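Let me begin by presenting the structure, written as structure tokens, before commenting on it.
The numbers here are math on the coordinates, done by the rules we state, and not lab data. Nothing here was measured: the structure is a model prediction, and the numbers come from that model. Every residue, glycine as well, gets a Cβ built from its backbone with ideal geometry; the counts of neighbours run over all protein chains shown.
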Amino acid sequence: MVQHREAYHAQILEARLRELGGIPQCTVPAERREKELPFYASTEMKDVQKLQSIAARLSDPVAVLKPITDVIDQIQEDQQSKELLRSLVDDEMSSVKWLLAACQTLSAAKTA
């Protein structure tokens, strides 16, 4: 579910960027890929451990999303992009809440 939502976000953001005359050029930094890919691809780590790692970084969803909401608040002219971004932040908040709840459920099941 989250993966599909993220893919959809990428598609609509790219489409809007192109409508505005921009060209997508974002990449994941090599150091981040080299650090995180082995961890999340590891078969030695339990899924709950991987989920706990993500949940620890997302424990305060409002703070995590604040840099994005701050930028959105600064948009004055382009209301279409502003509302698009607000909608995406709502989706992100939903994803984070779901992830945190899933982590809590799986963590509790692991200790039971």
Helix 2-19 against the longest principal axis of the chain: what's the angle in degrees, Cα atoms only, rounded to the nearest 10? 20 degrees
Listed candidates [x] 16, 53, 30, 2; [y] 12, 33, 35, 16, 4, 0; [z] 12, 25, 19, 12, 10, 9, 8, 5, 1 - label of the one calculated as P(r) over Cα pairs in 10 Å bins from 0, in percent: [y]
Taking Cα atoms, the helix 47-57 axis meets the longest principal axis of the chain at an angle in degrees (rounded to 10) of 50 degrees
Tell me the relative contact order for the chain as a rounded percent, counting alpha carbon contacts under 8 Å between residues six or more apart. 30 percent
Of 26-34, 89-97, ordering from highest average Cβ density within 10 Å down gives 89-97, 26-34
